[in-house]
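Taken together, the values in this text are just the output of simple stated rules run on the coordinates, not laboratory data. Nothing here was measured: the structure is a model prediction, and the numbers come from that model. Virtual Cβ from ideal backbone geometry, glycine too; neighbours counted across all protein chains shown.
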Amino acid sequence: MQRVFLVLAGLGLSVGTTLAKLPATLSNAPKTKSTAFRPGELWYDTDGNLINAHGGGLLQVGNTYYWYGEKRAQHQEEGVNVYSSKDLYNWKYEGVALPPSQDAQSDIAAGCLMERPKVIYNKKTGKYVMWFHLELKGQGYKAARAGVAVADKPTGPFKYVNSFRPNGNMSRDMGLFVDDDGTAYHVYSARENYDLRLARLSADYLTATPQDSLLFSKHQEAPALFKTGGKYYLITSGCTGWDPNQASLHVADHPFGPWKPLGDPMTGPNAKLTFGGQSTYVLPVAGKKDAFIFMADRWNPKDLKDSRYLWLPVQFKDGQPTIGWLDHWSLNFFNKPSARPL
Ligand code: DGJ
């Protein structure tokens, strides 16, 4: 094994290149600076450890990006990890932003599930606000609650605030979206995932207001909402547990809809199964027009910490977002429209 490392280092390959076929237990990859995204391969942080941030989302603060995601053991959920990066390729581990509580009475007692964490910044309160899908310890996916935590800094520590069913609705897979005017929304799978709903958040982002509507009833989860050209786009997945399925794209003129279906945004080989992944977030790339990164998880239910990250550029064909597979790519992709595969 030592020889493999030496050979890779000798070739100057970036982390996550050829190691993909090796077992994930093989930690401490060579600390080479990465200059490309390699969807589905092993991604290491700047300490050489595998990045453990699943079902995640990003937040940009100044010139730094923060990546929040589920910290997973083989199956166990161990809280929310946070990483930071200035270039989106190289990620520094900043620690556990929100650990499970050691208090057995807490909603987030160790053994609970904290899935799909997303963090937004509230300009009025100066707080970083995290929402996540919370399942209470020992209850499987029955509780179906949204959990909220706050922090003064993007790296935390986050303080758990509350958990609830927004306006009484079950709330499982979820995303957050902040509009240009600072209004924030919680988009979530409700009614056993048959309904997709959207609730406007309170001014402090700590709770859902009664402005809460059904978007559509199509048995969808994994919502990722983004906006461009005055239109709102929503990517969702079907509901097949950890198994991949077909993605859906919807468009609207307002977060509350009406949402018009645009079909499957994925194109090319393995598109019908979202390239083996499930949506989690769409990142607007700072300083680049119409540059968005689609982020998905390729879940590995046998070893959840070894679930892989699929980050792919969103392309616009006839004004409509589409996503195709690339083995490796860099942000330069957004500078060269002619080089784009579509
Ligand atoms: C699919 C969801 O999108 C995931 O976040 C997770 O809850 C799994 N289902 C559990 O089966």
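Applying 0.36 nm per residue to the separation of Lys137 and Lys153 and subtracting their alpha-carbon distance, the gain on full extension is 3.0 nm. Run the Debye formula on the Cα coordinates of the chain, all scatterers equal and no solvent, and tell me log10 I(q)/I(0) at q = 0.10, 0.13, 0.15 1/Å. Values, matching the q order: -0.55, -0.97, -1.33.
What residues from segment 61-97 fall in the zone where the backbone N is under 15 Å from a label point 7 Å along the Cα-to-C-beta line of Ser330? Under 15 Å, as judged by backbone N against the label point of Ser330, lie 87-90 of segment 61-97. Restricting the trypsin sites (Lys or Arg not before Pro) of segment 100-169 to loop positions (DSSP other than H, G, I, E, B) with no more than 13 neighbouring Cβ atoms within 10 Å leaves Lys123, Lys124, Lys142. Measuring against 25 Å, Cα to Cα, the residue pairs Lys33/Lys302; Lys86/Lys302; Lys33/Lys305; Lys124/Lys227; Lys218/Lys272; Lys127/Lys289 contain Lys33/Lys302; Lys86/Lys302; Lys127/Lys289 as the ones spanning a longer distance.
Each residue, Gln320 and His219, gets one label point 7 Å from its Cα in the Cβ direction; the gap between the two is 2.4 nm.
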